[in-house]
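Have a look at the structure below, then the notes.
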Amino acid sequence: DAGVTQSPTHLIKTRGQHVTLRCSPISGHKSVSWYQQVLGQGPQFIFQYYEKEERGRGNFPDRFSARQFPNYSSELNVNALLLGDSALYLCASSLDLNEKLFFGSGTQLSVL
Amino acid sequence: GQQVMQIPQYQHVQEGEDFTTYCNSSTTLSNIQWYKQRPGGHPVFLIQLVKSGEVKKQKRLTFQFGEAKKNSSLHITATQTTDVGTYFCAGLRSNDYKLSFGAGTTVTVRA
């Protein structure tokens, strides 16, 4: 069975640009969450979607947005990129809300 | 910032020795989950604790959830080189059901 897939794996952008990251959950999983992980720190919660509705939002600026599609895949969008947005962006899916998370391999974003 | 605190940040262990990593939350948790992230990898789920005072074992790993549901611990016995990685606790907050990760304990093993 396929796990959580994320694309792209690596991305280099410059300040001010925008980026779209994509995630496909495990088949049958209805919840998708996005996390930002800076080197040496734990994952920081950005968004959680369940059945295409936003169910939670972390302490991130409005430049960060996301959505979940009818097939449960998800996109994370970041506008007006800053150097500080450089991080590993992790997508995780779960069968239901508050269940264990299955993480993808992440998208490594570098903002120059 | 981190709502869940983990100590120690680093743990250097001699192969065969035991160690414990601790997780503390300022708020009551609905449940606590533990994940392991190998260098260059992504977090992988280990276990979930839900009940006050719950203790679960996975081979050489023992997980405990505090009576007040605000703290947890992971104890590893007879450490092996395969235990290398960063161990994260993640607490599901009772007030808003957001999963908050600690900063992790990074474990290295001396053979």
| field | Furthest towards positive pole of dipole, B:Gly85, B:Asn71, B:Leu99, structure part chain B, Cβ charges | value | B:Leu99
| Counting Lys +1, Arg +1, Asp -1, Glu -1, what net charge surrounds B:Val4 among other residues with beta carbon under 15 Å of its beta carbon? | +3
| query | B:Gln80 to B:Tyr10: extension gain in nm, 0.36 nm per residue of separation minus the Cα-Cα distance? | reply | 23.6 nm
| request: Could you give the size of the charge dipole of segment B:1-87 about its Cα centre, using +1 on the Cβ of each K and R and -1 on the Cβ of each D and E, expressed in debye and rounded to the nearest 20? | output: 300 debye
| To one decimal place, what Kirkwood hydrodynamic radius in Å is obtained for chain B from all pairs of distinct Cα atoms? | 13.9 Å
| remark: Charge tally for neighbours of A:Glu54 with beta carbon under 15 Å away, counting Lys, Arg as +1 and Asp, Glu as -1, is +1
| query | When N is the residue count of chain A, what does its C-alpha Rg come to as a fraction of 2.2 N^0.38 Å? | reply | 0.99
| note | Summing +1 per Lys or Arg and -1 per Asp or Glu among the other residues with Cβ less than 10 Å from B:Thr79's Cβ gives -2
| query | From the cross-link list A:Lys30/B:Lys59; A:Lys13/A:Lys100; A:Lys100/B:Lys56; A:Lys52/B:Lys36; A:Lys13/B:Lys36, which pairs have alpha carbons spaced over 21 Å apart? | reply | A:Lys30/B:Lys59; A:Lys13/A:Lys100; A:Lys52/B:Lys36; A:Lys13/B:Lys36
| task | Would you please calculate the Kirkwood hydrodynamic radius of segment A:48-94 over all C-alpha pairs and express it in Å, rounded to one decimal? | result | 11.9 Å
| field | DSSP bridge pairs, chain B: antiparallel proportion in percent, nearest 5 | value | 90 percent
| query | Using the C-alpha gyration tensor of the protein assembly as shown, what are the square roots of 5 times its eigenvalues, in whole angstrom, with the largest one first? | reply | 29, 20, 16
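Quick note: the coordinates plus some simple rules give every number you see, no bench work behind them. For clarity, every value in this text was computed on a predicted model and none was experimentally measured. Please note: Cβ atoms are built from the backbone with ideal geometry, for glycine as well, and neighbour counts cover all protein chains shown.
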